[in-house]
Amino acid sequence: MAGKPKLHYARGRGKMESIRWLLSAAGVKFEEQFIETKEDLEKLRNDGFLLFQQVPMVEIDGMKLVQTRAILNYIAAKHNLYGKDLKERALIDTYVEGTTDLMEMIMHLPFQPPEGKEKQTAHIIERATTRYFPVYEKVLKDHGQDFLVGNQFSWADVHLLEAILMAEELKPNILSKFPVLQAFKTRISNIPTIKKFLEPGSPRKPPLDDKAIPQIKKIFNVQL
Ligand code: GSN
């Protein structure tokens, strides 16, 4: 009975991109209904489909799920990407939240005023290389396993690869001092479902270009 999940969001990465990554990593095919205008978003609201009047919204297993974190938790648990016990789950949550903090800084960058962008980019690179990447480099080095948690592929691995690729878009050699993460990147990128997602023509979205930014601001009434 359950058809493909249907994703409702703008035609950009934003908060939906990690959901696209996780579904793809789990090998789940999905449809996308893009919100192109303020009116498209208004229609979803008027139809009563958005609990808090916001997207991401994902139609999945008979639900209209909102709240990015709830959607990701559901997908991770459903597809066995969320650890084998509560302690592993807590560790996955910890890594995912750290990675999310880094990703959100990168996600907000295109919305910064032009005069502040260079400074903010330098700040993000500094944070990535002194706060976040050293943690994952050490975790992987210390336990010597292929995956971050429980010697098993999980949401934490998917999320970290997404963040690494975003950070490399800011600074291509950002992993130069992290050999274990370089190997991790290659290994996770070669998992067949992820490999497919990284190929052209997949649902993966490019970074926002300058033309798309005013449109996104208008749809979501972004005040920056
Ligand atoms: O994580 C979540 O899904 C929610 N806590 C926040 C969702 C959210 O902020 N959605 C934005 C678009 S995504 N960009 O930030 C949204 O729907 N904004 C319109 C509005 O009226 O809040």
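Derivation of every value follows stated rules applied to the coordinates shown; laboratory data play no part. Not measured: the values here are computed from a predicted model. So basically every Cβ, Gly included, is an ideal-geometry build from the backbone, and we count neighbours across all protein chains shown.
Check Asp142, Asp157 and return the single one that is free of Cβ contacts under 8 Å to residues at least 40 places away in the same chain, acidic (Asp, Glu) and within 22 Å of Leu22 (Cβ to Cβ). Give the steps one after another, and end with the answer.
Working: Asp142 fails: within 22 Å of Leu22 (Cβ to Cβ).
Just a single option satisfies the conditions, and that option is Asp157.
Condition first: more than 16 Å from the ligand (Cβ to nearest atom) and touching a helix residue (DSSP H, G or I) at 6+ places or on another chain (Cβ under 9 Å). Can you find one or more residues in the range 113-120 that meet it? Even if it seems obvious, please write down each step before you answer.
Within the range 113-120, the first condition is being more than 16 Å from the ligand (Cβ to nearest atom), and the residues that meet it are 113-120.
Within this subset, residues satisfying the condition of being touching a helix residue (DSSP H, G or I) at 6+ places or on another chain (Cβ under 9 Å) are 117, 120.
Yes, some residue in the range 113-120 is more than 16 Å from the ligand (Cβ to nearest atom) and touching a helix residue (DSSP H, G or I) at 6+ places or on another chain (Cβ under 9 Å).
Being surrounded by 21 or more Cβ atoms within 10 Å (Cβ to Cβ) and among the polar types (S, T, N, Q) is the filter here, so list the residues in the range 134-190 that pass it.
Of everything in the range 134-190, just one residue is surrounded by 21 or more Cβ atoms within 10 Å (Cβ to Cβ) and among the polar types (S, T, N, Q), namely Ser154.
Which pairs do you get when a residue that is over 16 Å from Gln145 (Cα atoms), found in the range 185-198, comes within reach of a residue that is surrounded by fewer than 14 Cβ atoms within 10 Å (Cβ to Cβ) and among the hydroxyl-bearing types (Ser, Thr, Tyr), reach meaning Cβ atoms under 7 angstrom, with the pair 6+ apart or on two chains?
Lys196/Ser202
Could you say which residue among Leu51, Leu23 is surrounded by 18 or more Cβ atoms within 10 Å (Cβ to Cβ) and more than 13 Å from Lys205 (Cβ to Cβ)? Lay out the reasoning, then the answer.
Values: Leu51 fails: surrounded by 18 or more Cβ atoms within 10 Å (Cβ to Cβ).
It is Leu23.
In the range 26-48, how many residues are surrounded by 18 or more Cβ atoms within 10 Å (Cβ to Cβ) and among the β-branched types (Val, Ile, Thr)?
1
Can you name the residue in the range 190-213 that is within 15 Å of the ligand (Cβ to nearest atom) and not in a loop (DSSP other than H, G, I, E, B) and, of all such residues, is nearest to Glu31 (Cα to Cα)?
Ala212
Identify, please: which residue in the range 165-189 is hydrophobic (A, V, I, L, M, F, W, C) and in a loop (DSSP other than H, G, I, E, B) and is, among those, farthest from His108 (Cα to Cα)?
Pass one, the range 165-189, residues hydrophobic (A, V, I, L, M, F, W, C): 165-167, 170, 174-175, 178, 180-181, 183-184, 188.
Remaining after also requiring in a loop (DSSP other than H, G, I, E, B): 174-175, 178.
Values: Ile174: 19, Leu175: 22, Phe178: 25 Å.
Looking at residues that are hydrophobic (A, V, I, L, M, F, W, C) and in a loop (DSSP other than H, G, I, E, B), I get Phe178.
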